[in-house]
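We did not get these values from a lab; they are worked out from the coordinates using the rules stated. None of these values were measured; they are calculated from a predicted model. Cβ sites come from the backbone with ideal geometry, for glycine too, and all protein chains shown count toward neighbours.
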Amino acid sequence: MGTDRDRRLETLLPLRPVEFLILLSLAEGERHGYGIMQDAKERGGASIPDVGTLYRALARMVDQGLIEAGDPRPAPDPGEERRNYYRITAIGLKVAKAEARRLEGLTRAARLGGLLEKGAK
Amino acid sequence: MSVETRSHRSLKASERWFQLLLRFYPPDFRDEMGNALVQTYRESAREALNTGGLFRLMKIWFAAFRDSLRNGLGERINPAVAWRRAGDWGRDLSTVGRRLRQRPLFAVAVLATLTMGLGTFAVVYTAVDKILLEPLPYKDANDLYMVWCQCGDLPHLMVSGPQVRGLQGAGGVIESAAGFAFGRRTLLPTENTEAAQVTVLSVSPNIFDVLAVRPVIGRGFRQDDLAPGASERIVISDRLWKRLGGRREIVGTRLQLSASTVTVIGVMSPDFYFSGSEPDEENKPDVYLPRDFTQGEANDSSYQAVIRARHGIPEGEVRRHVEAVGRFVAESHEMPGHNLFAVGIQTEMVENVRPALLALSFATIFLVLVLSVNLASLLLARAAERERELMVSRAVGANGLAVVRATLLEGGVLGLAGGITAALAGIWGTRLLVALGPSDLPRREAITLDWEIALLVIATGALIGLLAAVAPATWAARASLSSLMAASALRGSASSHRMRRGLIVVQVALSVVLLSSAGLVVGSFRRLLTADPGFKPAGVITFELGLGGEWMFPRIEDMYAFLNRVDDAVRALPGVRAVSSTTQLPLSGGQNAASVRIPGAPGNTGDPEKDRRTVGRIFTRAGYIDAMGMRLIEGRDFAPVHRPEVREALIDRHLAKQFFPNGSALGAEIPTGDRQTTVVGVIDQARLYHLHRDDGMPQLFVRAEDYPGRRPSLYVLRTDREPLSLMPEVRAAVHKLDPRVAISNVETMNQIVAEKRSEARISAVMIAGLALGALLLVAMGLFGVISGAVEQRRGELAVRLALGATHDGVIRLVVGEGLRLVLLGLLLGIPGIYLSGQAIRGLLIDVSPFDTATLAQVAIALLGVALVACYLAARRVTTIEPERLLREG
């Protein structure tokens, strides 16, 4: 359905790699900044974003309504400051799915075009 | 040193390094994300140290440096969340909308203020625009100029034939020129109409081209309409066309106009008229008759001239060109000193109402100023209320500019909305004005708010909103973070309250200026209402008899015999007390100047210059003094029956005083031509010009019958009945005597007096309306400031109450402080009163611009209103419950 909201979503695509990483990570649950970086590392992705890049993206995405600040929780070590947690919004989830579909389509095209071996991961 | 402490120290150093690197980022980002950023780096650093030791840590340090340099500068250039720092109109707008919804009372107060103030402005502006500045029904009226002759020190004289010819042949910037002259003629009865007097404008054949208009039926004039032997052709007004039956087949119809037969060739449109620069309903011509103005003699200056300049030529150049034409004509006809000068038709029209316009624009500016100050005060109070919010947004890095912008936007949006509600209020207000206005309100059908004024009001609203927001915006931007934080500890901030109190003082000062001007203008109008014009207008009706020329009454005796029959017939009507006729009605302006000597009078000085007095001569028949209700100081009116061998005159108080300072003037002889005229009575002037003071020239009443060239066609009837109800019987009686004689210009003397007063009345009503608007605004402003002050001082007032002060005592305290502000404003307004007095001097009649009584009344009224506003606001004190308030701290 071509609602206004869908159209608005499309204007956000394609996502920057760091944005997609953030959404991917938050789709699993609330994370703080360092947690998102850890996820990226564990996922073994091509690039782990710089911290500054990450936080700029977080600020921007909060503003766009893709993610929101979660409830502050006490830090694991006493004496440390509370951490900023983030969680994905409904729109953010939609955008992430749309981006995944877009990437899937591109991958399929690349495979058909012989850029990728069939079945290659 | 243990490994523990060493790694701890490295981590501490890392943290300091990361904190340092944060400096690359802009402050707002630093405030929002800085801690999380450092924390994330610290965790990376701890992990690096645990897994790879110092070398890995150094790599992290370096990576962090590169990262911060890139992203920090990147964030400065291209912020992730742009609006928070630089502002974003759309977001600001939605913020403003949300804020206003949160505080509906504030929004209502602002809208009410603007609606009040600008609504008044809209109504007054509409009235001024439609009543005083009646638009001229010609295309590009700005390019039209009247041309007058200046001969010696006599300005505004009419022009002569050669001058018209000179203008027509000049070319250059003068595109075209036409001469014209007024006359009145009798339109003899047709199948549809009775005989009627019509105003005839003789015009150059090209007049309609000069005015850029065209008849709607038939055609305009051509040069060959002047050919000798051609029957006279006329173009008629829409008004006359309708009176003649309003048929389109009128072209070719022959009419009898006085002694000549004329053929109608065209009909003008309903809104067209041309009467030079005098937009006088009475003088709107019904018949346009072509005439060759170029044939006149150089010494016969009895025409008027209008020219059309090439479009867009500046007035100065047109003036210079016309002067050059004047010099050329004067030289070639050896008439030195006969200079021509041009005055824009619209300029000349506006000239008549300039004093009123000046005073009204001045009053309007003051109202708008008061309005702006009021709004500024409201916005300031609002900004102060929001200081916690300001503090937060400043703290997260919103710079001064963003805060200023948000405040300005709030003002602009409110101003715009207020402008719209004011325009709506203006539409209703003008309707109300028309409904409540006097029945003789000029052009009442045209008084409606049009689009241009509505747009002007809306734009003014937005502009005032923006201007008013400047003060609070500056305050918000300048207020430093520390002062905001300190102030928010208290309730409200002292600095904003100081500023609001200052604004109230300014507002009072502005209003007192406006109010005093209004008081003076209204006072002057009241004086005009009670002025004695030298006659008793009630119960007097006047009309003009169309006595034609020699074609109607070849011998003057025939005319007077007819007038005597009219007198008898009219006097026989029930309710008629007195009848007479004259050549000139009171308050009609103009005069027939004559020079008078009274040889042998005791007041003569022996200096022939001083013993000769120029007087305004009025030609009347017997019974005029009685019919008009003039005051006879001594002697009697003219003898009822005219005897050719006796010449009688009445002189006014001024002449009598000059020539007979101590004794009676009766029986004095005034040499006139070959005979003596005897003074039979002394009267008070029936003023020709002003209601409130005597004419500049003494008046001399002479018997019309003694001057064969004069036709006393203006009838004056005094009656016990409702004057206008008499007219059908008068018409029938005159018609019975001679159906060719038309009756026109029917007006009661009361109407004539009211017309004379109408401009002053309009000015007075409007300026009073504006001043009332200002007074209400001040009251609203005072109420806001005082109730704000009570709110701010709740704590302090609670302490006073707890310590035993009564509510009344506290109210007195608060009201007293309000009144101090008002008194300060009054004092500050005094220089303004002097300045405004100069501006409205032209409107004032018999009232000094510094009339103490009026000014005192204004001050008392203002104080009274202020007292009420302060008291109502101060009553909020009674809602203070000291016990609860003090417990809450």
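Given H placed on each backbone N at 1.01 Å, which residues far from B:Ile683 in sequence or on other chains put an amide H within less than 5 Å of it?
B:Ile633, B:Ile651, B:Asp652, B:Arg653
In what sequence, highest mean first, do B:815-828, A:104-117, B:754-767 appear when ranked by Cβ atoms within 10 angstrom?
B:754-767, B:815-828, A:104-117
Mind jotting down the distance between the C-alpha centroids of the range B:729-792 and the range B:319-354, whole Å?
Result: 36 Å between the Cα centres.
If I take R0 = 56 Å and measure r between the Cβ atoms of B:Ala856 and B:Asn564 in this structure, what FRET efficiency does the formula 1/(1 + (r/R0)^6) give, to the nearest 0.05?
0.45
Let me have the relative contact order for the range B:737-889, percent, based on Cα pairs under 8 Å that are six or more residues apart. Present the calculation step by step, with values, prior to reporting the outcome.
On the way: 83 pairs, mean separation 62.3, N = 153.
Relative CO of the range B:737-889 lands at 41 percent.
Compute the angle between helix B:27-77 and the longest alpha-carbon principal axis of chain B, please, reported from 0 to 90 degrees and rounded to the nearest 10.
The angle comes out near 10 degrees.
Looking at the range B:618-665, which GluC sites (Glu not before Pro) are in a loop (DSSP not H, G, I, E or B) and have at most 16 other Cβ atoms within 10 Å?
In loop regions of the range B:618-665 (DSSP not H, G, I, E or B), the sparsely surrounded GluC sites (Glu not before Pro) are B:Glu645.
Taking the Cβ-Cβ separation of B:Lys610 and B:Leu813 as r and a Förster radius of 56 Å, what is the calculated FRET efficiency to the nearest 0.05?
My answer for the efficiency is 0.20.
Given an 8 Å cut-off on Cα distances and at least 6 residues of separation, report the relative contact order of the range B:808-889 as a percent.
51 percent
Count the net charge of all other residues whose Cβ sits under 13 Å from the Cβ of A:Ser25, scoring Lys and Arg as +1 and Asp and Glu as -1.
Here the count lands on -1.
Can you give the FRET efficiency to the nearest 0.05 for B:Glu883 and B:Leu827, using r as the Cβ-Cβ distance and R₀ = 51 Å? Please list the in-between numbers first.
Values: r = 41 Å, r/R0 = 0.81.
Rounded to the nearest 0.05, the efficiency is 0.80.
Among B:263-269, B:190-196, B:426-432, B:58-64, how do they line up by average Cβ neighbours within 10 Å per residue, starting with the highest? Before the final figure, lay out the partial values.
Values: B:263-269: 20.6, B:190-196: 15.0, B:426-432: 18.3, B:58-64: 16.7.
Going by the mean number of other Cβ atoms within 10 Å, highest first, we get B:263-269, B:426-432, B:58-64, B:190-196.
Could you give the dipole magnitude of the range B:31-78 about its Cα centre, charging the beta-carbon of Lys and Arg +1 and that of Asp and Glu -1, in debye to the nearest 20?
280 debye
For the peptides B:680-690, A:51-61, B:509-519, B:169-179, what is the packing order when you average, over each peptide's residues, the other Cβ atoms within 10 Å and list the highest mean first?
B:509-519, A:51-61, B:680-690, B:169-179
Taking a ≥ b ≥ c as the square roots of the eigenvalues of the Cα gyration tensor of chain B, is the shape rounded (a/c under 1.5), prolate (a/b larger than b/c) or oblate?
Prolate.
Against the longest alpha carbon principal axis of chain B, how many degrees, from 0 to 90 and to the nearest 10, is the axis of helix B:3-21 turned?
10 degrees
Restricting attention to the range B:544-593, which GluC sites (Glu not before Pro) occupy a DSSP loop and are surrounded by at most 14 other Cβ atoms within 10 Å?
Here the sparse-neighbourhood loop sites are B:Glu550.
Would you mind ranking B:Arg42, B:Arg308, B:Arg101, B:Arg320 so that the residue whose beta carbon has the fewest other beta carbons within 10 Å leads the list?
Ranking B:Arg42, B:Arg308, B:Arg101, B:Arg320 by Cβ neighbours within 10 Å, fewest first, gives B:Arg101, B:Arg320, B:Arg42, B:Arg308.
Amide H to amide H under 5 Å from B:Thr614: which residues, 5+ apart in sequence or cross-chain, H placed 1.01 Å off N in plane?
B:Val596
Helix B:727-737: angle to the longest alpha-carbon principal axis of chain B, degrees 0 to 90, nearest 10?
Computed tilt is about 30 degrees.
What value does the range B:818-889 have for Rg/Rh, both radii from Cα atoms and Rh as Kirkwood defines it?
1.28
Each residue of the range B:741-752 in order: what ³J(HN,Hα) in whole Hz does its phi give by Karplus 6.51 cos²θ - 1.76 cosθ + 1.60, θ = phi - 60°, with x for Gly and Pro?
With the stated coefficients, the range B:741-752 comes to 8, 8, 10, 9, 6, 6, 8, 7, 5, 4, 5, 4 Hz.
Using Cα-Cα distances under 8 Å and only pairs 6 or more residues apart, what relative contact order does chain B have, in percent? Walk me through the numbers on the way to the answer.
Numbers: 1528 pairs, mean separation 132.5, N = 889.
With pairs under 8 Å counted, the relative contact order is 15 percent.
When the Karplus curve 6.51 cos²θ - 1.76 cosθ + 1.60 is applied with θ = phi - 60°, which whole-Hz ³J(HN,Hα) does each residue of the range B:314-322 get, with x for Gly and Pro?
Using θ = phi - 60°, the values come out as x, 4, x, 5, 4, 4, 4, 5, 5 Hz.
What's the average, rounded to a whole number, of partner chain beta-carbon atoms within 10 Å of each residue's beta-carbon in B:39-45? Mind showing how you got there, number by number?
Values: counts 10, 12, 4, 2, 8, 5, 0.
Taking the mean over all residues of the peptide, I get 6.
Check A:Gly70: other-chain or 5+ apart residues with amide H under 5 Å from its amide H, H built from backbone geometry?
A:Tyr85, A:Tyr86, A:Arg87
Computed over the Cα atoms of the protein assembly as shown, what is the convex hull's projected area averaged over all directions, in nm²?
Result: a mean projected hull area of 67.8 nm².
Inside 10 Å of the C-beta atoms of A:54-61, what's the mean count of C-beta atoms belonging to other chains?
Per residue, the number of nearby Cβ atoms from other chains is 6 on average.
What list of ³J(HN,Hα) values in whole Hz, one per residue of the range B:170-187 in order, does the Karplus curve 6.51 cos²θ - 1.76 cosθ + 1.60 (θ = phi - 60°) give from phi, with Gly and Pro shown as x?
For the range B:170-187, the Karplus curve yields 5, x, x, 6, 8, 6, 7, 8, 9, x, 7, 8, 8, x, 10, 9, 9, 8 Hz.
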